[in-house]
Each structure stands twice: as C-alpha cells, then as structure tokens.
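Notes follow once the structure below has been shown.
The values are calculated or read from the model by the stated rules, or taken from the named source; none is laboratory data. Predicted model only: the values in this text are computed from it and were never measured. Backbone-built Cβ (ideal geometry, glycine too); neighbour counts: all protein chains shown. These accessible areas exclude ligands, DNA and RNA; they are computed on the full protein's heavy atoms, side chains included. Shrake-Rupley method; radii C 1.70, N 1.55, O 1.52, S 1.80 Å.
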Amino acid sequence: MYNVKRIWSMQQSLGQTSETLRESLGISSVVADILVQRGFRQPEEAIEFLRPTLLNLFSPFCFHDMRRVVERLSLALKQKEKVLVYGDYDVDGVTSTTLLYKVLCDLGFQAVAYIPHRQDEGYGLHSGVIERAAKAGVRVLITVDCGVTAVPEAGLARTLGIDVIITDHHEAPEILPEAFALLNPKLASSGYPFRDLAGVGVAFKLAQALLQSLGNREVGIHSEIELLDLVALGTIADLVPLIGENRIFVYHGLRQMKQTLHTGLGALLEECGLRHKPLKAGQIGFVVAPRINAAGRMDSARVGLELLLAEDTERANELAHLLTQENLSRQETEQEILAEAIALVERGPIPRVIVLSSNQWHHGVIGIVASRLVERYYRPVFMIVEEGEEAKGSARGISGYPVLEQLSTQAHLLTKFGGHRAAAGFSLRTEDIERFRAGLNEQALAFEESLFQEELNIDRQVSLDMVTGPLLHELELMAPFGFGNPGPVLASLGIPVHSISAVGKDRSHLKFRFGSQGEREGIAFRLGERLPELNGETKLDVAFSLDWNTFRGPEDVQLMIKDIQVEADWRGRALTVNEANRNAYLESAAAQDEPEMEWLDWRNLHRTEWPLPRNKDRIWVWDMTSGCVPCLQRWNDFLDKENTQEENSPAKPSTMTMNSDLSREEGLGLIYGLPLTEEDLREGVEKLRQIGIYRIALAGFQTVHEERIRQRCGFLGREELIRIYRDLMTQAKAGNPFRWGVNPKITRNGRTALKIFEELGFIRCLGGTDTDEISLEWVPAQSKLNLESSLRYRNAKKWLDRAKTFQREISKTSLDKSGLKWKDV
C-alpha cells in the first residue's frame, strides 16, 4: 500500500473567549474550544449555531428579481401557459427539478420537467430542447442548478417567445444571459445575503415565494417544511458548506426525512435500510445520494427524477431497487478503473500531478475515481477517457492547488474546459494528452514541496479518559457535519495499545482496543495493510472522531480513526493536554508590541468641560447611548447625532489632575455612556485599539434604565413570555396550524419568544420568514413550562445578571492611569 504520512496541525491559542463560552453555555472546554476555533466567539452566535431555527431563514424576496418572477408566474398560472422546469443530472439538479415541479403542480400550473442525458447531451441548457419546447407551446422556462452560462440559449429562447427564468448557484461569467430574471446568490447584484446555497436551495427560495404569494390553507401552510427533506438531500450531495441557511435546511430536513411524505424518497430510504430512523448527513451523502447519482452517471438521471416524483408505492419500490442495482454497477466499474489507475500510477515515481488516460474507462465514473486517487496519494488528479480522436477528462485538486487556474495554463491544448478551484471538466485531442501531462507537471514545479504534503487539522487534543459518552453527546450538538462544518477531529498522544487485529471480509480494516484494560475501541477503515507496521507497538498517536458503537450498547463510544502513527509529525511542536490547557490563555494574552493603554476619567464632567485635542479628526466615540447596540463613530458624526452646537466650541480648562495634557496630537477614544454590559466595554476598547487609539476617556456615564439592559441582553421575563404564549394559544384554538405576523408584524421580543418556544417544543415552524409571515403549528404542552431548559433563555438570564452586577461596579469603581480597578479591561 502507498502510505502518505500526514502532518498534524492544531490551533493553539484559544484565550479567554473559550472559557467565557464554556461558562455561559455550560459546555465542556473541548466543545467550547472547537466552537471558538470555528468562529463562534459570542454565546449568542454559538446558540444560533447549536440550535438551528427556521426562524433565521432570509426572505426569498431578498432576491431583487423575485417579485418580478412571482408576477410572471402568476400570469402564467392565470393564462394556463406551459412552464418547463429544466434541471441537471446530479443529485442537486434532480432534487431541484423534483421540488419545483411538485410545487408548480400543487399550485395548479401546467408544468413539465426535463433533465438532459449526461452522455448524449451533457450539462446545461441546450438549444434543441428549447426549440422542441417552443413547438410544444412552452412560454416560461425555469432552469434549476444550471443556466447562468447559457448566453446563446437564453437569446434563442427569447426569439422563440419563451421567457427564461434562471435559478442557479454556480459562479457566473462576465457576460450574463439576457434572461427574463436571474436568481443566483453568487451574483453581486442578486440582493441575497447568503451566497452558498446549493441549486436546490435556490429552487426552494422560489418555491417559498410562490407558496407565500399563491398558496392557501390547502396548499402552502405545510408545504415548506415538507419540502426540506428534498432540500437537505440535494444540499448534502452537492458539497456546499453546511453553514448559515444550508445548516438550517439540513438540520430540519433530516428530521423531516425521517417522516417524509414523498413516496419515492421513502422507498429509497427503505431500500437503504434507513426508513424511520434518525439520520445523519454522512448517511445521506454516502448511502442515499450515490444511488440517485449512479443513474445519471451510468445511464439517465430521469430514473431518479421518476422515483422522487412517484406516488405509487409499488412503482417507487421498483425504481428504488433499480437505482441500487445501478449503484452496484457503478461501484464495480469504479473499482475496476481504480485498480487500473493505481497500477498505472505505481509503475514509477509518483509525479506532482497525476494525469491518467484510457480508452476503456466510463466517463461517468472517472470523477469519483479521481477523488479516490487524491485520497490515496494526495496529488492533483486528472482522469481522461479517450474516445477516438477526442478525449474528455475530469479533475480533482488538493488544498492550495487551483484546478481551474492550472487548466487555463494548458488552454492551448484544450478544446473546452470549466469548473472551479477544487474540480473541473475538460476536453482535448487524444494526441495532445502527453503534452498536457508534461505541461501540468512543469507548472507544478512552481509550488512549494509542502503543498503536496497532506495536513490533518486537529480540533482538540484530549487524553483517553476524556473520551466519554457525555463528550460525544455535546459534539453531536454541532451536527450536521459536512463540508464547511467537518466532524471534529480529536487527537491523543501515546495511547496504550491493548490489542490490534485485521477485520472485515477481506481483512481491510483494523480494530484496536486502547487503554491498559482495553476499555476503549477504535476502528480504522481501509488501513488493514498497515497491520505489520503497527503490530507490536505498545503506544500510538491517534487522530480520531467519535461515534456510538451500536454493537456494544447505545452509550459505548468508539474512536473512528482518521490517522494513526507511532509518532505523529506536527507542524510545530505538539503540546501535552495540560500544556494546551495552561497555555491557551497565556498565548492569547501575551504582551504585544503596542503602547500601554492610558485612561482618562471624565465621568463627572459636563461635555463643555472635556479637554479635547485640537485635531477633532483623531477623536473616535464608542457610543453606548444610540439604542441597544453600541457603535463606533467619528467625532463629527457623534455631534450630528447629538444635535449639539459644540463642535466649534473652545475646550474649557479641566478640573482633572490626571492625564489632562491633551495638547499633543494623538488619537483619543471616548467610551460615551455607561456600558450596558462588560462585553460592550471590552468590544469598544478592542475596536479602539485596532485603529491605533490607546488613550481612552470614560464620559457621559448616567444611570441606565433596566429595560435597556434587558433589551441588550435579549432577555424576556416570564410574564412577557406567558403573554406571548397565551396569544399563540388563542390563535391555535382558532385554527392549527396558523399564520403569524401579518397584523401586527412580529416584534423583536416576539421573535425571541418564538425561538424559545420552538426550542422547548411548544411550537413548530412550518415555513415563512419573520420579515414576511410565519406559518406555525401549536404543539400542546406535555409538561409544565420550564424556561430554564431553554439554552437561549438561560444564557440571556445569565447575561442580564452579569450586566446588572457590571453596571453597579463600574459606576463606583476607581480609575487611575493604568485603568479601571474593577477588572482588567
């Protein structure tokens, strides 16, 4: 076996932020560290991540063209015009087509669906289909998961009297199609705030807008949440980042999938042995999605479309089984090609860029094989199928190697190419393959050797006794995992090895028992050939994720081994667990090469008594008085807001004896107004530091009404929550489910309350957005209202208590040149 030894790396500096998160949320230091590393530095941010809610979805009408699209489709519905939904042959395209076609039919449209054949037609919108559609009387064509590059095709459709509505998520070219409307979050002009939607995510946004505009109690109030299983399937399969809206879609979509109302999807889950079971994103990505993809790779994706649209159970079961057979055929073909490819690669030294070709390979599978070769050799891989004088290829890259950019260096040899940084497709003449191979490898010499050394990112170093069921339960709160939110990888150094054995029908996997008594099990898939190397070792360094071992009971944790070494190579020295814990804060708080902070106490001075510097352009104000959330302003902007006439007033002498010499032209920062919370003060000081301000005055401190502090902390008292709870219950009694937020609009407090009630299981959001209208389902309470079981309520209450204490202490604390004597700011 060709064994690539990976370099391990781990962020070391976590700082006080992680400890704050741990205390606020009541989670372990391990999970707190990982959340901070992934950008969730504030408890409120972490809560929104750990408790995904449909209430955080953006309005579909954020797309600038959405209202225009709804108006055109409303006209098509009224005039009974034919509407064609044109998709793509991968899972994202098939689910997009299914979803939008279902919604259009439910709303009464004259709709038809079409997916091109991979081998016969290829990707994208085709002129022949447009011409046939025009002859069939189609007047509106909606693309899903394609179309943003269809410039000539959109022009043809326009001349034939067809309005083209493009919904796509791929990177756009400089010249855009002249379509009736274009919905693509990657366009700077789209208006949509989240750019990483999959194609099915964009299709869902259009469906949302149609259901909200044209739906009724029969069609619309349940439909959005009932579509989320399709959205989750396409989103997972397309490997878009599972963050933001994608995380919300997949989190709720997996739950909806367990009770799916789509006959075909239910049959497919049954075929996979997953029906009515709790689902993970990995199961969908590696078990369910490949069956739909197999149809498009080996023959036609229309079988997958027919399955997802099926309403007859017997036919759905038949199609699901057919897809399984297609997938088995795909796997056999893949294994044959992979074996041939490995033999070709290992005939000699491994090049920096692997370029392989054959006239015997199946074009629909070479992309998967390229990915397998990347995993094995950690090299960019270009797989090519020779078809007579012409050849078609598929490329997969590694981190730091821009596939599309490197392809462009060989453009003189290519007849066509396209893709993105990580993967691409291309065509060339068969006679040019050798020159293509040489050219790519010559270009690769410009990269550092380290680029071709795989790096394994470790999220946290732990000892073996920290690997417990409670830790795994906490880590599972970060799911669903996938691209953009990978499952956390932990590492333990020098773990005692109790036993090691090869397992599996071909002994291709390794099973470990770790600990002095073999108390913890580990499994390493596809590492069976390393048994001779590792056998006999008494201690090993292990990188792993955690999962439940269902064979030994629901609470038995096992290590899913990502890498295992006698002694791991680290990028930088690896710290012991104790060193990492001890140094995390020290490293983040290490002295930096910057001036000391200088503090001025103007809390008891009137504004006319402030000894301001002559150059007002160097004054910045962290204004605590402009609403609940503070903001950083220049001095003149601050004065405009205050509506004062003091901008040109001469500075009056100060009665202060401390730091009153402000004649030199240095920057000055004002913390204006009593900070509502400790976090607001710290944030203000940090922002001033970032712009080079190290002289800070505290000014304008006045008693703050408690209601402002409550608003800043997002805290709703029990009485307010009970009032909103009763309003919701009254609405539900009149009709459940029901619409909320029409008149009056949802307030900030109402939104907070809905999130708390959703978390407690009292309501279920069925769709809509709080800027438009929300569909809710009332769930009768099974027990007494326990607000403390809501993470949102509990955190806001803790924050409020801390803020009140902070307010009392900062008002009376002393100040000298070194700063506040209350705490180290």
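Restricting segment 374-392 to residues that are within 28 Å of the chain's Cα centre (by Cα) and part of a loop (DSSP other than H, G, I, E, B), which is nearest to VAL355 (Cα to Cα)? Applying the filter and picking the extreme gives PRO380.
Exactly one residue out of GLU326, GLU311 is more than 30 Å from the chain's Cα centre (by Cα), more than 25 Å from MET478 (Cβ to Cβ) and assigned to a loop (DSSP other than H, G, I, E, B): that is GLU311. One residue alone among SER492, SER545, SER508, SER501 is of a type in the set (Ser, Thr, Tyr) and out of contact with any strand residue (DSSP E or B) (no Cβ under 6 Å at 6 or more places or on another chain), and that residue is SER508. For the residues ILE810, ILE746, the requirement of being surrounded by 14 or more Cβ atoms within 10 Å (Cβ to Cβ), outside any helix (DSSP H, G or I) and at pLDDT below 90 singles out ILE746.
Is it the case that some residue within segment 756-765 is modelled with pLDDT of 90 or more and at positive phi? Scanning segment 756-765 turns up at least one residue that is modelled with pLDDT of 90 or more and at positive phi.
Conditions (1) part of a helix (DSSP H, G or I); (2) open to solvent by less than 10 Å² (accessible area, probe 1.4 Å); (3) under 16 Å from TRP799 (Cα atoms), marked per residue:
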{"position": "VAL685", "(1), (2), (3)": "yes, yes, no"}
{"position": "ILE696", "(1), (2), (3)": "no, yes, no"}
{"position": "PHE701", "(1), (2), (3)": "no, no, no"}
{"position": "GLN711", "(1), (2), (3)": "yes, no, yes"}
{"position": "GLU719", "(1), (2), (3)": "yes, no, no"}
{"position": "ILE722", "(1), (2), (3)": "yes, no, no"}
{"position": "TYR725", "(1), (2), (3)": "yes, no, no"}
{"position": "ASN736", "(1), (2), (3)": "no, no, no"}
{"position": "ARG739", "(1), (2), (3)": "no, no, no"}
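The residue list ALA803, ALA796, ALA781 contains one member that is touching a Gly at 6+ places or on another chain (Cβ under 9 Å) and either outside any loop (DSSP other than H, G, I, E, B) or of a type in the set (Phe, Trp, Tyr) (or both), which is ALA796.
Only one of the listed residues (ARG379, ARG396) is charged (D, E, K, R) and within 17 Å of ARG6 (Cβ to Cβ). That residue is ARG379.
Here is a yes/no grid of residues against (1) of a type in the set (A, V, I, L, M); (2) in contact with a Phe, Trp or Tyr (Cβ under 7 Å, 6 or more places away or on another chain); (3) closer than 24 Å to MET383 by Cβ:
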position	(1), (2), (3)
CYS272	no, no, no
PRO278	no, no, no
ILE292	yes, no, yes
ALA295	yes, no, yes
SER300	no, no, yes
VAL303	yes, no, no
LEU319	yes, no, no
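Would you check which residues across segment 399-420 are in contact with a helix residue (DSSP H, G or I) (Cβ under 6 Å, 6 or more places away or on another chain) and β-branched (Val, Ile, Thr) and list them? Across segment 399-420, the qualifying residue is only THR409.
Exactly one residue out of SER775, SER783 is over 20 Å from ILE47 (Cα atoms), among the hydroxyl-bearing types (Ser, Thr, Tyr) and open to solvent by less than 40 Å² (accessible area, probe 1.4 Å): that is SER775. Evaluating PHE417 against the criteria (1) at pLDDT 95 or above; (2) open to solvent by 50 Å² or more (accessible area, probe 1.4 Å); (3) part of a strand (DSSP E or B) leaves one unmet condition, (1). With respect to THR333, is the statement that it is of a type in the set (Val, Ile, Thr), farther than 15 Å from THR95 by Cα and at pLDDT 95 or above true? For THR333, the condition - of a type in the set (Val, Ile, Thr), farther than 15 Å from THR95 by Cα and at pLDDT 95 or above - is not met.
If you take the residues of segment 248-303 that are in a loop (DSSP other than H, G, I, E, B) and closer than 21 Å to GLN325 by Cα, which of them is modelled with the lowest pLDDT? The residue in question is ASP299.
Taking segment 100-217 as the region of interest, the strands (runs of 3 or more DSSP E) fully inside it that hold 2 or more residues being of a type in the set (Val, Ile, Thr) and either open to solvent by less than 30 Å² (accessible area, probe 1.4 Å) or touching a Gly at 6+ places or on another chain (Cβ under 6 Å) (or both) are 138-144, 163-167.
For segment 71-96, the set of residues classified as open to solvent by less than 10 Å² (accessible area, probe 1.4 Å) and part of a helix (DSSP H, G or I) consists of LEU73, ALA76, VAL91, ASP92, GLY93, VAL94, THR95, SER96, listed by residue number.
Among the residues making up segment 440-493, a single one is in contact (Cβ under 8 Å) with a residue 60 or more places away in the chain, of a type in the set (Ser, Thr, Tyr) and in contact with a Ser or Thr (Cβ under 9 Å, 6 or more places away or on another chain): SER463. May I ask you to list the residues in segment 705-722 that are within 15 Å of ARG802 (Cα to Cα), more than 31 Å from the chain's Cα centre (by Cα) and hydrophobic (A, V, I, L, M, F, W, C)? Of everything in segment 705-722, just one residue is within 15 Å of ARG802 (Cα to Cα), more than 31 Å from the chain's Cα centre (by Cα) and hydrophobic (A, V, I, L, M, F, W, C), namely ILE709. Here LEU305 fits the description: over 26 Å from the mean Cα position of the chain (by Cα) and in contact (Cβ under 8 Å) with a residue 40 or more places away in the chain.
If the condition is being over 11 Å from the mean Cα position of the chain (by Cα) and of a type in the set (Lys, Arg), then segment 239-281 contributes ARG255, LYS258, ARG275, LYS277, LYS280. The residues of segment 355-403 that are free of Cβ contacts under 8 Å to residues at least 24 places away in the same chain and either open to solvent by 10 Å² or more (accessible area, probe 1.4 Å) or over 29 Å from GLU326 (Cβ atoms) (or both), listed by number, are GLN360, GLU375, PRO402.
Restricting ARG520, ARG526, ARG507 to residues that are open to solvent by 10 Å² or more (accessible area, probe 1.4 Å) and touching a residue at least 40 places away in the same chain (Cβ under 8 Å) narrows the list to ARG520. Whenever a residue of segment 802-815 is of a type in the set (D, E, K, R), its partners that are open to solvent by 20 Å² or more (accessible area, probe 1.4 Å), lying with C-beta atoms within less than 8 angstrom and at least six residues away or across chains, give the pairs ARG802/GLU678; LYS804/GLU706; GLU809/TRP822. List the residue pairs whose Cβ atoms are under 6 Å apart, where the first residue sits in segment 338-354 and is within 15 Å of VAL374 (Cβ to Cβ) and in a helix (DSSP H, G or I), the second is open to solvent by 50 Å² or more (accessible area, probe 1.4 Å) and not β-branched (Val, Ile, Thr), and the two are 6 or more positions apart or on different chains. Close Cβ pairs (under 6 Å, with a partner that is open to solvent by 50 Å² or more (accessible area, probe 1.4 Å) and not β-branched (Val, Ile, Thr)) amount to LEU338/ARG372.
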